[in-house]
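Below is one structure, written out as structure tokens; the observations come after it.
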Amino acid sequence: MMNFKTKIGNPLLLGATKLYSGVNFAVVVENSSSCPILRIYEKGTYNVVCDLSFDVKMKFGDVFAMEIEAFDDSIYDYGYLYEDKPYADMYAKVINHREKWGEMTLPTYSVFTDTFSWDERERKEIPFDEALIYRLHVKGFTAHKSSGTKYKGTYKGVISKIPHMKDLGINIVELMPAYEFDELPSIFANRMEDKKGVQMYNPFGDVQSEAEKINYWGYSTASYFAPKASYAVASGREAGREFKEMVQALHNAGMEVIMEFHFSDEMKPQMVMDCIRYWVMEYHIDGIHANLNVVPVNMIKTDPLLANIKILGDRWELVNDYYMSRKGLKHLGICNDGFMCTVRKFLKSDEGLTFEMSSKLKDNPKDAGVINYLSTHNSFTLMDCVSYDRKHNEANGENNQDGSNLNYSWNCGFEGATRKKKVVELRKQQIRNAITILMVSQGTPMIMAGDEMGRTCQGNNNPYCQDNDINYINWNDLKKNNEIYLFMKFMIQFRKEHKILHMADELRMMDYLSKGCPDLSVHGVEPWRPDFNYVSRCFGMMYNEAYVDEDKKGKLYIMFNMYWEPQVFNVPASELGMKWKVMLSTADKDIKEESIKGRTFTVPPRAIAVICEV
């Protein structure tokens with residue numbers, strides 16, 4: 001047995017912390033009736049070197065703290081036992097024996113040491129009004145055989161796709177959970193006493209049994225302080241370094257990184273805050289997206305360390321400027337399905353939506369950013385939203401009972417994949433409509449990875465357990481649906497060129513600077529007469545670009561027609577010496593700019609037209 005010299009440790013340093021004199025080990029054991037044991041292993045193995053018991057002098061409340069002097073973390077790993085059973089270190093920074101995705105073994109832990117040298121550049125701090133978010137799953141982003149990267153399903157795989165995201169116009173990447181979550185949480189929980197037990201699963205079966213289901217997304221029990229080891233190319237101990245390399249590469253490309261966290265219900269507020277602070281300081285992430293039912297909302301809103309970090313949640317109680325960052329920039333973001341559901345209902349010509357849709361387009365509160373998106377992980381993809389009337393989740397093995405029944409989708413006349421030309425063209429037009437609405441809304445657009453190339457999940461709106469091509473992005477779609485990609489890219493650029501479409505503050509719908517007309521106004525088929533009747537399915541919105549540039553007199557006029565018949569809009573009178581020019585119509589897959597003759601413009605069925613005063 002090795003002779004380790006121990007003494008009372010520091011309970012404030014939870015986890016394993018390397019000190020000048022040794023390593024401090026501190027673990028929380030609530031309502032303990034006995035003292036835990038610190039087990040030392042040979043590096044990278046399950047070979048036990050010795051067991052070191054904490055004593056009552058090392059207990060501080062529910063924290064046990066021990067320091068081992070001159071502990072050599074290069075040759076030893078560690079773990080804990082409590083009442084003769086393995087006990088998790090929830091503050092562990094490096095998780096061992098998790099290198100293979102879907103292979104669940106009892107973890108051991110390593111002391112986190114890192115020599116990564118950051119390229120210390122000033123944080124971009126991209127304001128919400130300039131942001132374009134791209135949300136991805138690290139594994140599914142490049143796991144498909146068509147990804148063209150050597151390092152499929154990894155942090156390095158994400159790096160290989162930076163040129164794609166840059167070309168599209170993205171400046172923020174949001175990662176779905178990339179910390180060390182349990183792929184098989186229920187199975188692993190039942191096998192904790194088996195030190196070397198391995199549980200495998202079959203990702204290729206047509207229907208996976210209950211015992212084989214994988215937790216693909218990562219919303220489960222987790223070691224929240226450690227990057228996911230199976231997303232690394234090298235050994236699991238290199239996961240932290242490779243995660244940092246990915247963040248550094250994205251930063252160097254002018255992009256911020258937001259990390260999504262789904263904290264379990266039993267997590268204590270202090271641990272949540274410690275976790276968020278750790279990722280911000282250690283991994284230089286620029287924001288977090290968290291479930292606010294667990295996050296201590298007032299703590300996170302007022303934490304000075306997080307004052308310039310983007311914090312996304314499904315709702316916030318917005319009261320005053322106190323919750324804004326020190327530089328006066330919004331740093332809270334509202335992220336929920338409200339915009340997505342309204343857009344989908346409007347696209348399929350539901351009644352009573354013109355007022356709601358026009359309100360969503362201008363939504364931009366003073367105290368927080370609004371995140372708008374067309375699809376998310378547990379909904380139809382954008383392509384599936386126009387291809388399926390109902391969910392097709394049979395592959396999940398739950399008799400199609402899982403997933404939402406409220407998809408607000410329309411298959412355009414045929415259920416599922418088809419080669420019928422009229423149906424295919426209508427679907428693409430509806431996708432162009434959706435993209436246009438997203439890009440002319442005042443809120444921050446968030447694109448679900450793959451939507452820009454017509455990704456499909458084959459009608460599965462809840463593929464939580466599908467570690468296969470249902471969830472993987474097929475990069476062949478980039479060529480197959482290139483016109484969707486080009487339109488998305490065009491609209492992103494169009495948005496950037498017209499600041500009036502993404503203002504820092506909410507448009508007032510008043511002419512408070514005496515520019516001749518309001519900053520924003522809503523119209524019907526007749527100028528200045530909006531029609532919010534229950535059966536109305538069309539409206540217009542006019543943006544006065546003079547409110548962005550005093551020397552600029554032009555206006556943007558956007559006409560939305562979700563009737564199944566063409567609608568004739570009477571166009572507002574143009575300024576003296578100026579004329580209206582058509583910038584785009586979603587009914588035409590080829591974008592053509594042409595001048596309007598006369599005072600009317602006919603918007604085709606289920607289409608959006610944008611005209612500009614020049």
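Computed from the coordinates by the stated procedures, all read-outs in this text should not be read as laboratory data. The shown structure was predicted, so the numbers you read here are calculated from the model rather than taken from an experiment. Ideal geometry is used to build each Cβ from the backbone, glycine not excepted, and the neighbour counts take in all protein chains shown.
Some observations on this one:
- Compactness check for region 426-545: Cα Rg over 2.2 N^0.38 Å is 1.36.
- Within the chain, the proportion of Cα pairs with more than 32 Å between them is 52 percent.
- Straight-line reach from residue 428: taking Cα to Cα under 19 Å and skipping same-chain neighbours fewer than 8 places apart, the lysines in range are 345, 348, 420, 479, 480, 489, 589, 592.
- With a cut-off of 12 Å on the backbone N, no residue of region 390-405 is near the modelled label site 7 Å out from residue 423 along Cα-Cβ.
- Charge dipole of region 6-89 (Cα centre as origin; +1 on each Lys and Arg Cβ, -1 on each Asp and Glu Cβ, all else neutral): 140 debye, rounded to the nearest 20.
- Summed over all non-identical Cα pairs, the Kirkwood treatment of region 6-89 gives a radius of 12.8 Å.
- When both bridge partners sit in the chain, DSSP labels roughly 70% of those beta bridges antiparallel.
- The residues neighbouring residue 21, those whose beta-carbon lies less than 11 Å from its own, together hold a net charge of +1 under the Lys/Arg +1, Asp/Glu -1 convention.
- In this Cβ point-charge picture (+1 for Lys and Arg, -1 for Asp and Glu), the chain has a dipole of about 1740 debye about its Cα centre.
- Surrounding net charge for residue 40, when Lys and Arg each add one and Asp and Glu each subtract one, Cβ distance under 9 Å: -2
- Restricting the calculation to alpha carbons of region 378-454 gives Rg and Dmax of 13.6, 40 angstrom.
- Working ranking of peptides 481-493, 461-473 by packing, defined as the average number of other Cβ atoms within 10 Å per residue, highest first, is 461-473, 481-493.
- Across region 300-410 the C-alpha pair distances fall into 5 Å bins from zero in the proportions 2, 11, 17, 16, 14, 13, 11, 9, 6, 2, 0 percent.
- Crossing angle, helix 482-497 versus the chain [Cα axis fit, 0-90 degrees, rounded to tens]: 80 degrees
- Between helix 338-347 and the chain: long-axis angle, C-alpha atoms, 0 to 90°, nearest 10: 40 degrees
- Cross-link reach is defined here as a Cα-Cα straight distance under 21 Å, omitting same-chain residues fewer than 8 places apart; for residue 5 the lysines meeting it are 18, 43, 57, 59.
- Separation of alpha-carbon centers, region 540-612 and region 224-239, rounded to whole Å: 51 Å
- Shape category assigned to region 2-52 from the gyration tensor of Cα positions, a/c cut at 1.5: oblate
- Alpha carbon centroid spacing (whole Å) that separates region 381-446 from region 482-531: 26 Å
- The residue list 23, 60, 45 was ranked by how far each Cα lies along the charge dipole of region 6-89 toward its positive end, using unit charges on Cβ atoms, and 60 comes out on top.
- Dipole-positive endmost among 76, 385, 279 within the chain (Cβ charges, Cα centre): 385
- Rounded to the nearest 20 debye, the dipole size of region 520-613 about its Cα centre is 260 debye, using +1 on the Cβ of Lys and Arg and -1 on the Cβ of Asp and Glu.
- Subset of 124/499; 139/362; 362/515 violating a 29 Å alpha-carbon distance limit: 139/362
- Whole-number D in µm² s⁻¹ for region 520-613, Kirkwood Cα-pair radius fed into Stokes-Einstein, 20 °C, 1.002 mPa s: 158 µm²/s
- Look at where the Cα atoms of region 122-155 and of region 1-76 average out, and the two centres are 38 Å apart.
- Using alpha-carbon coordinates, inclination of helix 239-252 to the longest axis of the chain, degrees: 30 degrees
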